[in-house]
Amino acid sequence: MAIDAIGGSFGSGAGLLGTQQSGVNQEQFVRLFLTQLSFQDPLKPADNREFLAQLAQFTNVEQTRILNENIEGLLSVLSTNQSLDLLGRTVEVSAPSGTQVGTVTTVSLVDGRPSLTLLQQDGNVLQDVSPVSIRLVRRQ
């Protein structure tokens with residue numbers, strides 16, 4: 001999930017997670033590990049160091065996944081806070097029809113992402129404005 005921020009966008013670390021998600025999850029790893037233990041030759045047991053290295057690697061991957069989830073949550077909160085700070089402020093946004101200017105009247109969350117409503121001087125209302133499209137925040 002990409003997190004919107006004012007004037008830019010932060011990735012979710014999908015590049016790091018992309019390889020992990022196509023690999024083995026925790027349940028699959030434990031099942032594979034137990035299967036490997038049950039089918040090993042008792043006369044030629046596997047080296048304990050190999051098992052410990054596999055466990056350490058899996059622990060690293062799992063901790064990285066948890067860290068990425070926590071960072072995504074933090075970025076989501078920061079994006080929402082930035083958007084709430086814009087209430088009552090005049091902003092310039094990039095729109096398909098050109099630059100639009102308006103005062104932020106409401107901030108709503110749509111699928112966990114902030115969405116702004118702007119009131120322009122001529123009375124027109126711009127809805128569903130993404131914080132990423134903001135080019136300038138004017139001083140009051």
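Just for region 10-66: of the residues that are modelled with pLDDT of 70 or more and among the acidic types (Asp, Glu), which one is farthest from VAL132 (Cα to Cα)?
Looking at the filtered set, the residue picked out is ASP41.
I'm trying to understand the selection: among the residues of region 102-138, which are surrounded by fewer than 16 Cβ atoms within 10 Å (Cβ to Cβ) and more than 25 Å from LEU75 (Cα to Cα)?
Of everything in region 102-138, those that are surrounded by fewer than 16 Cβ atoms within 10 Å (Cβ to Cβ) and more than 25 Å from LEU75 (Cα to Cα) turn out to be LEU119, GLN120, GLN121, ASP122, GLY123, ASN124, VAL125.
Name the pairs whose Cβ atoms lie under 8 Å apart, with the first residue in region 47-71 and more than 26 Å from LEU37 (Cα to Cα), the second surrounded by 13 or more Cβ atoms within 10 Å (Cβ to Cβ) and hydroxyl-bearing (Ser, Thr, Tyr), and 6 or more positions between them or separate chains?
Here the result reads ASN68/SER12, each pair linking region 47-71 to a residue that is surrounded by 13 or more Cβ atoms within 10 Å (Cβ to Cβ) and hydroxyl-bearing (Ser, Thr, Tyr).
In region 85-114, which residue that is free of Cβ contacts under 8 Å to residues at least 40 places away in the same chain and in contact with a Pro (Cβ under 8 Å, 6 or more places away or on another chain) is nearest to ARG139 (Cα to Cα)?
This residue is VAL107.
Among the residues that make up region 80-96, is at least one of them in a loop (DSSP other than H, G, I, E, B), loosely packed, with under 12 Cβ neighbours inside 10 Å and at pLDDT 90 or above?
Yes, there is a match, as at least one residue in region 80-96 is in a loop (DSSP other than H, G, I, E, B), loosely packed, with under 12 Cβ neighbours inside 10 Å and at pLDDT 90 or above.
The values are calculated or read from the model by the stated rules, or taken from the named source; none is laboratory data. All values reported here derive from a predicted model rather than from experimental measurement. So basically every Cβ, Gly included, is an ideal-geometry build from the backbone, and we count neighbours across all protein chains shown.
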